[in-house]
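K.L.:
I have a structure here, written as structure tokens, and I will follow up with some questions on it.
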Amino acid sequence: MDTGFVFGCGFRNLRRVQREGLVSQRRWRVGGVVMQSGMSFGRSGGGVRGSVVEDDLCFSSAVSTKKRLSEALRDAVDEALFSLPVGCVPDVAILYVSTIYEERKVGLRKESVEFAAQQIRELIPGIQNVIGGTVAGVLGADSMGRCTEVESIPAVGVTLARIPDAEINLFHVNESDLPNLDGPQEGWKEVVGGPEPRSLPTFFLFCNPTFQSSGALEKFIRGLDFAYPGSMKVGGVVGGSGPNPGHIYATLLKDLMSTTSKCSYKDGLVGLSISGGIEVETLVTQGVRGIGPVFTVRKVKNKSVLELDFVPSKSGSGSALQTMSADRVLKMVISEATKSDQALLFKNPLLGVALDESKERLRDGDYLVRKIEGIDPRSGGIELLDDLRVGQRVRFHVRDAKTAVAEFETILDRAKRNELQNSLEGSVMKPIVGTLAIADVTRGVKFFKERNVDTETFIRYAPTSLLGCFAQAEIAPLGGKPSPTYTHESVSAFTVIRRRSEKTLPEVESDEEAAEET
């Protein structure tokens, strides 16, 4: 018998009542979990059952490992629904379906991943906003701190949320839909459904690997940062790594008007924008540490760093600046490293680019870390996938499991200290109601040699309902600012969600307003 396992809570005799709306919200005033109590960076919800209030921000997640897709979808939806207040109707569903279901090639329609989003609509009548995709694995945690990261067996993850006082919009974008980067903001606003930049919408984005490899994802992110500089954009490149790109899900307006739409796409990018109701903070762990001194880029060509400037470490403070080809600099760093770090540099050499060019003293975490794709023996250049500029500061990095855990703990400690400081200054942050996570496929048990490391590390600091997936690449900003947004490899990005504060939103000037002033 296929039992699987499910994260969630509750009694099954009430799930059908909630899912099918057999008891009205007005009459059924007891039960459910309102994920709104507790400390802001501590436990949220915790299984305390309460009544439904009209303006409650509700958030719940569940993971199921049932072997049959249809059963896993129903199981996860049942658990997620029950963790909401009884009678609460969710506005949003985020859906992750393991690609392993797709690989089984079951002929029945109800067992096809292509129809998973449509099945969510059937399981939750009235749900209008479903987004997600097929993924390499699913990770999750419930409000009691129980964690799971599912990589090698099929799994379904579902997050359900009700977000009062919010404008919610879904969109699907193909590469051919993207405006020119030199064009006005209005073109990019139209692509994503037109939310106003001054409302600071939060964007959740999912695309397939082809959209990234064609360069369309980088163009889209740059355009979105241009049109919405004050907005957070997070997400991932989902689907499989082989010839099958998998599926991305979104229920667009045309899907809601159809009973046969699959709400599924094999190309492009799907996005969810939420204006109002919530505010988010994204914590990104790259799992790296710096090796050797800081260098300054002296000469570049295309995407190759040819020469680097540095002051020899064994020389005095008054020593002259030296210039050396990038490959010779890398060899020097390797020769001066410990044996264990030498092995890491040979296996996976990384180059970090300073995020803040004005910051005098750089520390670990102040760099955007990129993989070194190769070395050109003729020019001595180090080849990257990103463009670098003369004058940028760089440092070589290594990645290993011990460093990854220590770095993530440091990031979480810093976030907790910042929150305490804000509290002492009279700016109390709202409690965390839920967390969405995107972890790279290169992390997980193969990297850490044990299960649930990323998830358990986070939950120790913020015990809250959490859902995430293992992706081919991650979309997130760095340094605590909403822009610029980057695509990453081998990182984990945890986005914590709170009720939006009553503070006045900062004014974001549109290019049309700037033109009028000029």
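K.L.:
Limiting things to C-alpha atoms, what are the Rg and the maximum Cα-Cα separation (Dmax) for region 386-512, in angstroms?
P.N.:
17.1, 53
K.L.:
Let me have the relative contact order for region 312-448, percent, based on Cα pairs under 8 Å that are six or more residues apart.
P.N.:
Rounded, it is 21 percent for region 312-448.
K.L.:
Averaged per residue, what accessible surface does region 357-401 expose to a 1.4 Å probe, in Å²?
P.N.:
57 Å²
K.L.:
Suppose R0 equals 51 Å. What FRET efficiency, 1/(1 + (r/R0)^6) with r the Cβ-Cβ distance, do ARG361 and LEU253 give to the nearest 0.05?
P.N.:
The formula returns an efficiency of 0.50 here.
K.L.:
If you take every DSSP beta bridge fully contained in region 148-297, what fraction is antiparallel? Give it as a percent rounded to 5.
P.N.:
Around 75 percent antiparallel, to the nearest 5.
K.L.:
Please tell me the relative contact order of region 209-284 in percent, rounded to the nearest whole number, where contacts are Cα pairs under 8 Å and at least six residues apart.
P.N.:
Dividing the mean separation by the residue count of region 209-284 yields 30 percent.
K.L.:
Leaving out ligands, DNA and RNA, and with a 1.4 Å probe, what % of the accessible surface on region 354-419 is carbon or sulfur?
P.N.:
After summing per-atom areas, the C and S share lands at 45 percent.
K.L.:
Evaluate the distance, in nm, between pseudo-label points positioned 7 Å from the Cα of ARG146 and of LYS301 along their respective Cα→Cβ axes.
P.N.:
The modelled label-to-label distance comes out at 6.0 nm.
K.L.:
Another question, then. For region 207-363, what is the relative contact order in percent, using Cα pairs closer than 8 Å and at least 6 residues apart in sequence?
P.N.:
Relative contact order of region 207-363: 14 percent.
K.L.:
Can you classify region 335-411 as rounded, prolate or oblate using the Cα gyration tensor, where a ≥ b ≥ c are the square roots of its eigenvalues, rounded means a/c under 1.5, and otherwise it's prolate if a/b beats b/c and oblate if not?
P.N.:
Oblate, because a/c is 1.5 or more while a/b does not exceed b/c.
K.L.:
Which of rounded, prolate, oblate describes region 217-290, given a ≥ b ≥ c as roots of the alpha-carbon gyration tensor eigenvalues and a/c under 1.5 marking rounded, otherwise prolate only if a/b is larger than b/c?
P.N.:
oblate
K.L.:
If you take every residue apart from LYS233 with its C-beta less than 12 Å away from the C-beta of LYS233, what net charge results, scoring Lys and Arg +1 and Asp and Glu -1?
P.N.:
Local net charge: 0.
K.L.:
Please say if region 412-466 is rounded, prolate or oblate, where rounded means a/c under 1.5 for a ≥ b ≥ c the square roots of the C-alpha gyration tensor eigenvalues, and otherwise the choice is prolate for a/b larger than b/c and oblate otherwise?
P.N.:
Prolate is the answer for region 412-466, as a/c is 1.5 or above and a/b outweighs b/c.
K.L.:
At q = 0.12, 0.16 Å⁻¹, what log₁₀ I(q)/I(0) does a Debye calculation on the Cα points of region 112-223 give, no solvent, two decimals?
P.N.:
Listed by q, the Debye log ratios stand at -0.61, -1.02.
K.L.:
Which entries in LYS303/LYS331; LYS339/LYS446; LYS371/LYS402; LYS266/LYS347; LYS416/LYS481; LYS189/LYS416 show an alpha-carbon gap greater than 25 Å?
P.N.:
Those over the limit are LYS266/LYS347; LYS189/LYS416.
K.L.:
While we're looking at this one, here's another question. If you line up the Cα atoms of region 207-255 on their principal axes, what length do they span on each, largest first, in Å?
P.N.:
Between the extreme Cα coordinates on each principal axis of region 207-255 lie 35, 28, 15 Å.
K.L.:
Please list, ordered by chain and number, the residues whose modelled amide H lies under 5 Å from the amide H of VAL398; skip anything fewer than 5 residues away on the same chain.
P.N.:
Residues meeting the criterion, in which the H sits 1.01 Å from N, are ARG289, ILE291.
K.L.:
Now a separate question. Please report the antiparallel percentage of DSSP beta bridges with both residues in region 58-207, rounded to the nearest 5.
P.N.:
Antiparallel bridges: around 70 percent, rounded to the nearest 5.
The values are calculated or read from the model by the stated rules, or taken from the named source; none is laboratory data. Everything numeric here is computed off the predicted structure, so don't read it as measured data. With ideal geometry, Cβ positions are generated from the backbone for all residues, glycine too; neighbour counts draw on all protein chains shown. Heavy atoms of the whole protein, side chains included, go into the accessibility calculation; ligands, DNA and RNA do not. Shrake-Rupley method; radii C 1.70, N 1.55, O 1.52, S 1.80 Å.
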